[in-house]
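**Q** Next up is a structure, given as C-alpha cells.
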Amino acid sequence: MSFSPEFLDRVRKFKKNRRAYNSLRILTFLFLLTLPAELLFNNRPIVMRVDGQWFFPVFRDYTYKDLGGDEEIPVVSYKAEMFDDFIAGREADAVSDLLFGDGSVAVDGPTASVDVREAVPRAFWALWPPIPHSYKSFYTSKTLERQRLASPFSREEGGVRLPGARMERHLLGTDSYGKDVLARLVYGFRLSLLFGVALAFTSTVIGCVLGAIQGFFGGLVDLLGQRLTEIWGAIPRLLLLMILSDFLSRRGESTEAGHLLMLFVIMNLTSWMGMAAHMRAQFLAARNLDYVKAAKSLGVSNVRVMFRHILPNSLTPIVTFLPFSISSSILALVGLDFLGFGIRYPAPSLGELLSQGQEHLDAWWIMVPTFLTLTSLMVLLTFVGDGVRNAFDPRYK
Amino acid sequence: MWSYILKRFLLMIPTGIGVITVFFAVSEFVPGGPLDQVETMIVDQANQSEAGDMANFGDEDSTGTVGIDPQMRMQIKRKLGLNHDVWVRYFRMLLWYGQDSMVSSKEVDQGSARKLSFRGDSMWVYRTADDYHVFVNECQTDGESSQLTFSQETGHLVSTLDRTVQFNPETGRQIDGVQQLTRVPSRVKSESFWELEYLANGDRLKVRETRDEVYLEESAWAALTNGANWHGLFLFKFPTSITKNKKCYELIRERLRISMRLGISSFIITYTLCILLGVSKAVRNGTVFDTATSVLVLVGYGIPGFVLAVFLIKAFGPSADSWVSLIPLRGIQSPPEIYNTLSTWGKFWDNVHHMIAPVICLTISSFAGLTMLTKNSVLEQFHQLYAVAARARGLSERKVLLKHVLRNSLIPLVTGFPARFVMMFFAGSLLIEKIFSLDGLGLLSFTALVERDYPLIISNMFIFTFIGLTCRLLSDIGYVIVDPRISFEGKKT
C-alpha cells in the first residue's frame, strides 16, 4: 500500500508540530514500556531453574509435581512459606507434618500411608521481575505491619510508627485490598490504552459504514437512519452503558477476559454516532460530485463506489477524529469503572483506583498518582489529537 | 421557514417515541426489574429480621420467589401496575385513554377478579381473591381519579393508589396523614363528593352513590374531555415513581432547580470566557499570549472533569487530610440549620462557595473547543471582503471588530449552543454530581437506575430528549435570526 503524496505531506506537517509529535513519542514510549508489564511487575519469577530444569512461571502455571515434588498441588505463590519449604527440602515438615505430625499422609482410609521422600534441598535459581508484585497479588511480607493501605513512606498513625511499604518494593504503597498501587497503575494504563485504541478503531469502522449507507442512499434510508442516530444519541451514554453493563454482570460472564470482551461490545454500541454523522455529511456531499456520477454511469457497484471511490476522499474526518475518539473511549471506561459498572474487580482499572482514592482521602499515594496518570494520558492524547487536526484538517491552517 | 419548523417539530415525535420505547424495552427484558427489586428487598428484610447478618451472604440467585406468597406478589404487581399486559403498560407510558384501574382486564378475563357492578362511568367495583376494589372516577378535590381498596374480610380501607385517602370514622371526613385505620364504618361520607355505603358479606356488596345526578351519566363526550381519563408522557402526564412514592414530575422539578443552577452558571461562564478569550487570541494571533493560552485550554480540555473533582476534594476539601481547606465537601448549600441563620449576603456567598468546585469541573473541558472556534471564526471573518471594505472606509480596527466581524463570527457558536446546554444538564454532571453529592438530575437518574425505578428513568429520559430536541430546533431558528442568508427551504443535498 502506498500513500498519496498529499497524505505524506500532512504526516510531515504533523511531525513538524513539536508539541504533538513529542506527545506521540512519549505516549508510544509509555505504551511500549508498559506492554511487557508481566515481565516487570509480577509476583512470579520470569525464569527459574529447579534441579537443572527450566521453568517459566510467568507464562505457565505449574504444580509441585511439575517441579519434581510429590503433590499435585498448584503453586499458588512463589513467595509463600510452602514454596520456600519445598525448595529447602522441608517438604515433609511443610506439607505432611502439618497435617498429621508423623510423616504419613492418609489417602484412603486410616491404614493407608504414603512414604514421603527423603527431604532433599533442591538446586534453585530464579530471575525475578524488578517489582515482585502483580496487579492482583496481595502478598506482602510479614514484616509489614499493615498490608492494606500501606503508605510508601513510613508514617505515624495512632501513635504507632508504621514502616514504609517501599521497603517491600511497593513503590507507591498498597490500596485498600493490599494490592500494589504502582502495578495496578501500570497494568491499568496498558489496558486502558489498548481498550481505547481498539474501541476507537471498531467504532470508527461501524460509524463509517452506517454513515456511508445513510449519506450515499439518502432519502428514506437517510431519514430513518437519522432518527435512529437521534434516538440513540439522545440517551445519555453513561446511563445506557450502566444499564447494559449491569445486565452483563447479572448474566454472569465468568472469566475476566470474557467480561471485558462483552464490555467492549456494548461500548461499541454507544460510540458510533459522532463518526456516522460526519461520514453521512461527507457522503451526502460526495454523491453528487462528478467523479462519483462518472463511476456510477460506468456501472460500478454501489459498494465499490462507496468504499473505493468516496471513502478514500473522506479520510480527513476519520483521521482527525481518531485521537479524540480514543480519549473519549478511555474516559467512558474510566467513568464506568469509577461508578462500579465497569471491568470486574481484580482486573486492573484506573477508574477503580480513582474511586478508592476518593473513598480513602488520607491515602494520597492512591489519589495523586492516579490523578497524574489519568490527566497526563488525557493531555498527551489531546496534544496528539490537536496536532493531527492541525495537520489534516484544511480548515485549521 | 414555518414548514421547516413544522417538519422538524413533527419529526420530534418519532424520536420521542423511540427513546421511550428503547427504555421500556430495556425495563421489560432486562432481568432484575422493579418487581425483582421489591421482592429482593422484602426477602432481605425478612432474612435480616430472622437471621441478622446472614442475609448478606444470600446469593443473588436465591432471590427469586422465595418467601413471597403469590397473593403478596400479586399485590406488589398491582401496586407497580405490572398486572396489566405489556402493550397496555407501553401505551399507558406513551399515550392512553381509559379510566384508571388497578385491576387489569386480563384478571377479569381469567376470573381472578370479578366485576361486580357497574354504575355509569363513575364507579366500578371489582372483587379479587383478597380485596374489593372500588374505583371512583373522582373522589378527590384535585379531580384526578383514584382507587380505594377495601379488605374483604374486615371491610377496612386497605390502600389507595396514589395518595393515602382516609376517612375519619367519627366525622366521615377525609383526613390526611393517618397511618392506619382501625375501624371503618359501613357508611363513609366525604363532604364534597360522594357517599358510599357497603356491606362486606360475600357477594352482597352494595354500593350506593347518593349524588347520582353528577356522576351516573358521563356522556361519551364528557368522558373523552375529562383530562383524568388521558394518560401518557406525550400529554406530559408522568407516572409515579416506584421508590419515592411521588409523581415523577415533582421529583424532576425539585432536582431541576439544582441542575439548572449549575448548568446555567457553567454555561454563562463558559460562553463569556470563551468569547472574550477567543477574540483576544484572534487579535493577538501568533503572539506568546496566543500560544500560551492555546496550551492552557488544551490542557484543560485534556483533564477529565470528574478526575479533577476527586482531586479537588482531596486537595482542597474540608477533611483533615487535605492540604488546604478551601471548599466544602458536599451539597449545594450548607445544611438548613446553618444556612437559615446567614444574612442575605452570607447566603449568596454560601451558594457560590459550594458551587465553585463543581462549576470548575463542569467547565474545564469545554473551554478549548469554543475558544478555538471563536478565534478561528473571527480570524476568518477578518479577511472577508466586507471587513476589508470597512477598514478601507477608515473605520478603526476596534469598530470593525465590534460592529461587523463579531456578529458574523458568532454564527458557528450558535451551533454548539443547544447540545452544550443539554450536556450541562446531564452528560457531564452525573459523575460530578455524584462526587460532590449534588442532588441534581444526574444523580436522580443514577439512583433511579440503581434502584430500578423505571418510570422515573423513562420520565427523565423523556424530559432530556424533549429539551434536547427543542434546543436543536431553537438553534436552527437562531441561525436564521443571526444570519438571514441561511435558508432551510432549498435543496438539502
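Every number in this text was worked out from the coordinates using simple rules, so none of it is lab data. Remember, it's a predicted structure, so these values are computed and weren't measured experimentally. Using ideal geometry, Cβ is built from the backbone for each residue, glycine included, and neighbour counts are taken over all protein chains shown.
**Q** Restricting attention to region B:339-415, which chymotrypsin sites (Phe, Trp or Tyr not before Pro) occupy a DSSP loop and are surrounded by at most 15 other Cβ atoms within 10 Å?
**A** Sparse-neighbourhood loop chymotrypsin sites (Phe, Trp or Tyr not before Pro): none present.
**Q** Also: Explain nothing, just compute: Karplus ³J(HN,Hα) = 6.51 cos²θ - 1.76 cosθ + 1.60, θ = phi - 60°, for every residue of region B:369-375 in order, whole Hz, x for Gly and Pro.
**A** x, 5, 4, 5, 4, 4, 4
**Q** Right, next: On a C-alpha basis, how far is the centre of region A:196-217 from the centre of region B:281-297 in Å? Whole number, if you could?
**A** 35
**Q** Provide the per-residue ³J(HN,Hα) series for region A:187-202, in order, calculated from phi with Karplus coefficients 6.51, -1.76, 1.60 and θ = phi - 60°, each as a whole number of Hz, with x at glycine and proline positions.
**A** Once θ is set to phi - 60°, the couplings for region A:187-202 become 4, x, 4, 5, 5, 4, 5, 4, 4, x, 5, 4, 5, 4, 5, 5 Hz.
**Q** What is the order of B:Leu251, B:Leu444, B:Leu413, fewest Cβ neighbours within 10 Å to most?
**A** Values: B:Leu251 22, B:Leu444 27, B:Leu413 18.
Neighbour counts put them in this order, fewest first: B:Leu413, B:Leu251, B:Leu444.
**Q** On a C-alpha basis, how far is the centre of region A:1-59 from the centre of region A:348-369 in Å? Whole number, if you could?
**A** With region A:1-59 and region A:348-369 each reduced to a Cα centre, they are spaced 26 Å.
**Q** Taking the highest mean first, how do the peptides A:309-319, A:201-211 order by number of other beta carbon atoms within 10 angstrom per residue? Intermediate results must be reported in sequence, preceding the final value.
**A** Working: A:309-319: 17.2, A:201-211: 20.3.
Result, highest mean Cβ count within 10 Å first: A:201-211, A:309-319.
**Q** Treat the count of other C-beta atoms within 10 Å as a stand-in for reagent exposure and order A:Glu72, A:Glu359 from fewest to most. Could you put the intermediate results ahead of the total?
**A** On the way: A:Glu72 9, A:Glu359 12.
Placing the least packed residue first, the sequence is A:Glu72, A:Glu359.
**Q** Then there's this: From the backbone phi of region A:120-125, what are the Karplus-calculated ³J(HN,Hα) couplings (6.51 cos²θ - 1.76 cosθ + 1.60, θ = phi - 60°) in whole Hz, Gly and Pro given as x?
**A** After applying 6.51 cos²θ - 1.76 cosθ + 1.60, I find 10, x, 9, 6, 9, 9 Hz.
**Q** Work out the length of the dipole vector of region A:226-290 about its Cα centre, built from +1 on the beta-carbon of each Lys and Arg and -1 on the beta-carbon of each Asp and Glu, and round it to the nearest 20 debye. Walk me through the numbers before you get to the answer.
**A** Values: 6 positive and 5 negative charges, 36 e Å.
Dipole of region A:226-290, to the nearest 20 debye: 180 debye.
**Q** Mind checking A:44-56 for the average number of partner chain beta-carbons within 10 Å of each residue's beta-carbon?
**A** Mean number of neighbouring Cβ atoms from other chains: 0.
**Q** May I pose another question? Sort A:7-17, B:306-316, A:77-87 for me by packing, meaning the mean count of neighbouring Cβ atoms within 10 Å per residue, highest on top.
**A** B:306-316, A:77-87, A:7-17
**Q** Please give the average number of partner chain Cβ atoms lying within 10 Å of the Cβ of each residue in A:236-248, rounded to a whole number. List each step's numbers first, then the result.
**A** Numbers: counts 12, 1, 9, 13, 4, 0, 5, 7, 2, 0, 6, 5, 0.
Whole-number average of other-chain Cβ neighbours for A:236-248 is 5.
**Q** Right, something else. Considering only Cα-Cα distances, which of the following residue pairs are longer than 27 Å: B:Lys347/B:Lys434; B:Lys7/B:Lys244; A:Lys15/B:Lys314; B:Lys246/B:Lys347; B:Lys77/B:Lys244?
**A** Details: B:Lys347/B:Lys434 23 Å; B:Lys7/B:Lys244 38 Å; A:Lys15/B:Lys314 38 Å; B:Lys246/B:Lys347 30 Å; B:Lys77/B:Lys244 17 Å.
From B:Lys347/B:Lys434; B:Lys7/B:Lys244; A:Lys15/B:Lys314; B:Lys246/B:Lys347; B:Lys77/B:Lys244, over 27 Å: B:Lys7/B:Lys244; A:Lys15/B:Lys314; B:Lys246/B:Lys347.
**Q** How would you rank A:38-50, B:399-411, highest first, on the average number of other Cβ atoms within 10 Å across their residues? Let's see the in-between values first.
**A** Working: A:38-50: 18.8, B:399-411: 17.3.
Highest-to-lowest ranking by the protection proxy: A:38-50, B:399-411.
**Q** Something else now. Looking only at other chains, what is the average number of their beta-carbon atoms within 10 angstrom of each beta-carbon in A:339-350?
**A** Details: counts 7, 1, 2, 0, 0, 0, 0, 0, 0, 0, 0, 1.
Shielding by partners across A:339-350 averages 1.
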